[in-house]
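Participant: Handing you this structure, nothing more for now.
The values are calculated or read from the model by the stated rules, or taken from the named source; none is laboratory data. On a predicted model such as this, the values are computed, not experimentally measured, just so you know. Methodologically, a virtual Cβ is constructed for each residue, glycine included, from the backbone with ideal geometry; neighbour enumeration extends over all protein chains shown. Surface accessibility is based on the protein's heavy atoms, side chains included, excluding ligands, DNA and RNA. Shrake-Rupley method; radii C 1.70, N 1.55, O 1.52, S 1.80 Å.
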Amino acid sequence: MIDTQSLPTEPGCYLFSDAEGTIIYVGKAKNLKRRVSSYFSRHDLDQKTRRLVAAIATVDFIVTDTEVEAFILENTLIKKHQPKYNIDLKDSKSYAYIHVTDEPYPRFHVARGPDGDGRYYGPFVSARERDDLLRLLKSLFGLRSCRRLPRRACLRAHIGSCSAPCTGAIGEEDYRERTRKAEAVLKGDIAGLIRTLREEMAALAGRQEYERAMELRDQIAALEGLRERQHVDRQKAYNEDIVNYIVSEGTVFLMLFNVDRGTLSGKREYTFDETEGFLEEFLARYYAENEPPEEVILPEAVDDALPGYLSHLRGGRVRVVVPQRGEKKNLLDLVRKNIEIAFFGDRIKLDELKRRLHLPDLPVAIECFDISHLSGTAMVGSMVRFLRGKPDKRNYRRFRIRTVEGVDDFAAIAEVVRRRYSRLQKEGGELPDLILIDGGKGQLAAAGAVLRELDLAIPIAAIAKREEEVFVPGFSHPLPLDRHEKASLFLQEIRDEAHRFAIAYHRNLRKKTVIS
């Protein structure tokens, strides 16, 4: 039994070790005795903390003068000992950068991380956004794409999207000016660049250099469109980080937005086990490796010592803000929305489908059937399977219709449904939580009759293409689902995938028929 009575009541750090003397957890406390005692007196500990307590053999401590010193010491000890039960703070993704090379005519290209000469901008969470931005900058400012300058002009030079430094069409200083403007965009100063370009355009128009002025006008229009696409554009004189999280089933899903003077410059995602005080521990660990900004926006209050700790790390004042309303609260909500999309998007779709179709269980496995034919020839069926909201392509199935003559979609649906589930019954295979049929009430009735014949009580629905109406057994009218709501959109996604798969199979059969 751990004796906590001899522990001091001062602030400091505590170190838990296992029977082999290995330090397995380091924590900080305002009152060491009270904090350490809580591990052994409480009965509502989470699962991970219960495992930690079971493994503790000895407790050591180091007293500090202030809570800020405890923050600093905690990070030093965690780095030194790498305790098993502290957060394994690894970024959940590796994002790419845009690299500007250090050459007479700099090249802009994608790089996996800062490694070498030149300047790096990023990281970019969205590859699509990064590539679109890079493509726009190259086209806008005539920047080269080639790894090495060729001896003659390439196609981009001929169509006017490259300034062609390879041919001497632009001087080194003029090209570097274009580079500086492109880097201003990467730094987030789009508004400043637009002002500069407007002044240049006015000067060119005054000198009657209308062709060049029109080029700048087009650049300004493109930059204004880019600025409108920025997720955050608030023109602040300082940097901010916005942190929010969602806890689900003992796991913390946390996201951090970096805002560079009002413009979102990147985001980072983390997942780790939920423990008491996890937000404070995350912030202390994260900012030990990353310079704190002037302001950190959080969803809840944290230890009063945290601002002092962050200010110590930064060498200047850091404000910790917990907004209740207004612009900054909207930013917190934006981060939460991104968490929901990044980590829970598929679960939200399944929950919504369960609610709107009044299903008894979450539709983790969904199988959808479609029939394809050309004027009654080469009639085929397809079945796609979605597992936890995503296509499970290894379990897609194709069916050549064997028993149906001519065009009879109802009979064809009945055949493929019978073949699929009679086989699963025979083999003891896993049945789906929901069956979806591409069609209307007729196709639904045909498939439902087969399920009753096989004595299977699997929920079933049908979705008709024209109005995206959803039908279920026992109702003569479609369900009151708006075609743009989440549940309907998810059903449309599944149906479209089944249709695509059926069409692909049908085309293959037609090709084989033509060849033979």
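Participant: Give the residue list of trypsin sites (Lys or Arg not before Pro) in the range 419-506 that are DSSP loop and have at most 14 other beta-carbon atoms within 10 angstrom. Could the numbers behind the result be given before it?
Facilitator: Numbers: sites: Arg419, Arg420, Arg423, Lys426, Lys441, Arg452, Lys465, Arg466, Arg483, Lys486, Arg495, Arg500; in loops: Lys465, Arg466, Arg483.
When the trypsin sites (Lys or Arg not before Pro) of the range 419-506 are filtered for loop state and at most 14 Cβ neighbours within 10 Å, Lys465, Arg466, Arg483 remain.
Participant: Using a Förster distance of 30 angstrom, determine the FRET efficiency expected from the C-beta separation of Thr22 and Thr251, and round it to 0.05.
Facilitator: E between Thr22 and Thr251, to the nearest 0.05, is 0.75.
Participant: Okay, moving on. Express in nm, to one decimal, how much length is gained between Glu177 and Lys390 on full extension, taking 0.36 nm for each residue of separation and deducting their alpha carbon distance. Present the calculation step by step, with values, prior to reporting the outcome.
Facilitator: Numbers: separation 213, 0.36 × 213 = 76.68 nm, distance 4.73 nm.
Contour length minus Cα-Cα distance gives 71.9 nm.
Participant: With contacts defined as alpha carbon pairs under 8 Å and 6 or more residues apart, what's the relative contact order of the chain in percent?
Facilitator: On the way: 856 pairs, mean separation 44.5, N = 516.
Reported relative contact order: 9 percent.
Participant: How far apart, in nm, are the 7 Å Cα→Cβ label points at Glu103 and Asp351?
Facilitator: Placing both labels 7 Å along Cα→Cβ, they lie 5.1 nm apart.
Participant: Cα convex hull of the chain: how many Å³ per residue? Write out the running numbers ahead of the final one.
Facilitator: Working: hull volume 137.7 nm³, N = 516.
Per-residue hull volume (Cα only) is 267 Å³.
Participant: Starting from the Cα of Cys146, move 7 Å in the Cα-to-Cβ direction to define the label point; list residues of the range 168-202 whose amide nitrogen is under 13 Å from there.
Facilitator: Label zone hits: 168-170.
Participant: Taking the full set of protein chains and a 1.4 angstrom probe, give the accessible area of Val364 in square angstrom, rounded to the nearest 10.
Facilitator: Answer for Val364: close to 50 Å² accessible.
Participant: If contacts are Cα pairs under 8 angstrom and at least 6 residues apart, what is the relative contact order of the range 299-434 in percent?
Facilitator: Working: 139 pairs, mean separation 23.7, N = 136.
Relative contact order here is 17 percent.
Participant: Still on this structure: Taking 8 Å as the Cα distance limit and 6 or more residues as the minimum spacing, I'd like the relative contact order of the range 318-391 as a percentage. Don't skip to the end; give the middle numbers.
Facilitator: Details: 56 pairs, mean separation 17.7, N = 74.
Worked out over the range 318-391, it gives 24 percent.
Participant: If you average the alpha carbon positions of the range 16-78 and of the range 316-345, how far apart do those two centres end up, in angstrom?
Facilitator: So the two Cα centres are separated by 30 Å.
Participant: When the chain is fully extended, how far beyond the present Cα-Cα distance does Val321 get from Thr66, taking 0.36 nm per residue of separation?
Facilitator: Details: separation 255, 0.36 × 255 = 91.80 nm, distance 2.18 nm.
Full-extension gain reported as 89.6 nm.
Participant: Nearest 20 debye, what's the magnitude of the dipole of the chain about its Cα centre given +1 on Lys and Arg Cβ and -1 on Asp and Glu Cβ?
Facilitator: On the way: 84 positive and 80 negative charges, 448 e Å.
That gives the chain a dipole magnitude of about 2160 debye.
Participant: How much length is gained if the chain between Asn330 and Lys465 is pulled fully straight, taking 0.36 nm per residue apart and subtracting their Cα-Cα distance, in nm to one decimal?
Facilitator: Gain on stretching Asn330 to Lys465: 44.8 nm.
Participant: To continue, here is another question. Using label points projected 7 Å from each Cα along Cα→Cβ, tell me how many nm separate Gln47 and Glu430, to one decimal.
Facilitator: It is 1.9 nm.
Participant: Separate question: Go through Leu306, Val259, Gln219 and say which Cα lies farthest out towards the positive end of the charge dipole of the chain; charges sit on Cβ, +1 for Lys and Arg, -1 for Asp and Glu.
Facilitator: Checking the options against the dipole of the chain, the answer is Gln219.
Participant: Identify, among Leu332, Phe344, Val364, the residue whose Cα sits farthest towards the positive end of the charge dipole of the range 327-366, taking +1 on the Cβ of Lys and Arg and -1 on the Cβ of Asp and Glu, with the dipole about the Cα centre.
Facilitator: Leu332
Participant: Taking R0 as 25 Å, what FRET efficiency do you get between Arg135 and Ala221 from their Cβ-Cβ distance, rounded to the nearest 0.05? Mind showing how you got there, number by number?
Facilitator: On the way: r = 16 Å, r/R0 = 0.64.
The calculated FRET efficiency here is 0.95.
Participant: When the helices in the chain are scored as -39500 (n - 2.57) per DSSP H run of 4 or longer and the sum is shared across all residues, what 222 nm value do you end up with, to the nearest 500 deg cm²/dmol?
Facilitator: That comes out to -14000 deg cm²/dmol.
Participant: Under the rule of at least 5 residues apart or a separate chain, name every residue whose amide H is placed under 5 Å from the amide H of Thr64.
Facilitator: Excluding prolines and chain starts, which carry no amide H, the hits are Gly12, Cys13.
Participant: If I model the range 1-97 as equal point scatterers sitting on the Cα atoms and use the Debye formula, what is log10 I(q)/I(0) at q = 0.23, 0.25 Å⁻¹?
Facilitator: One equal scatterer on each Cα of the range 1-97 leads to -1.28, -1.42.
Participant: Would you list the membrane-span-like helices of the chain, meaning whole DSSP H runs whose alpha-carbon atoms span at least 15 Å along their axis and whose mean Kyte-Doolittle value is at least -1.0?
Facilitator: 67-81, 127-141, 190-206, 210-229, 278-289, 327-357, 409-427, 441-453, 486-515
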